[in-house]
Amino acid sequence: MEKPLYTETDQALVIRLSGEIVMDLAANLKAELTLLIDATQKPEVVCNMRRVDFMDSSGVGLLIGIRRLCQDKGKAFSVADPSPAIRKLISVLRLTEFFAIAPADAS
């Protein structure tokens, strides 16, 4: 897992994740993302997952936690442009609507 990259648009904090999101990395990644979300004044957080190759249950838990954090702060959360592996995982777990999959151009 590479360090997450982020940018801000007029409406959103866009976080770009890459590599593998696994148990060994999830806690540190959650801390980093929490700091970014706490610092932004944008009403939406978009997590671009185009370059995420693999995610285990810890990664799914991370996304659920980040969505909950956004919800608590009154921010919208969406997953944008998931890689085929992540799209399949989200679909198999029936989390497609839960995560509000955004189109690729949203990120």
Original post:
Once amide H atoms are placed 1.01 Å from N in the peptide plane, what residues at a sequence separation of 5 or more from residue 18, or on another chain, have their amide H within under 5 Å of its amide H?
Top reply: 2
Subject >> Percentage relative contact order, the chain, counting C-alpha pairs under 8 Å, at least six apart >> reply: 27 percent
**OP:** Could you sort 33-46, 57-70 so that the peptide with the highest average Cβ count within 10 Å comes first and the rest follow in order?
**Re:** 57-70, 33-46
Subject >> Cα-centred dipole magnitude for segment 5-106, charges only on beta-carbon of K, R (+1) and D, E (-1), debye, nearest 20 >> reply: 220 debye
**OP:** Counting helices only, and only those DSSP H runs with n ≥ 4, report the 222 nm mean residue ellipticity of the chain as the sum of -39,500 (n - 2.57) divided by its residues, in deg cm²/dmol to the nearest 500.
**Re:** -12500 deg cm²/dmol
Subject >> Computed label-point distance, nm, for sites residue 41 and residue 58 using a 7 Å Cα→Cβ extension >> reply: 3.6 nm
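Each reported figure results from applying straightforward, stated rules to the coordinates on display, with no laboratory input. Worth saying up front: this structure is predicted, and the values here are computed from it rather than measured. Note that each Cβ is placed from the backbone with ideal geometry, even for glycine, and that neighbours are counted across all protein chains shown.
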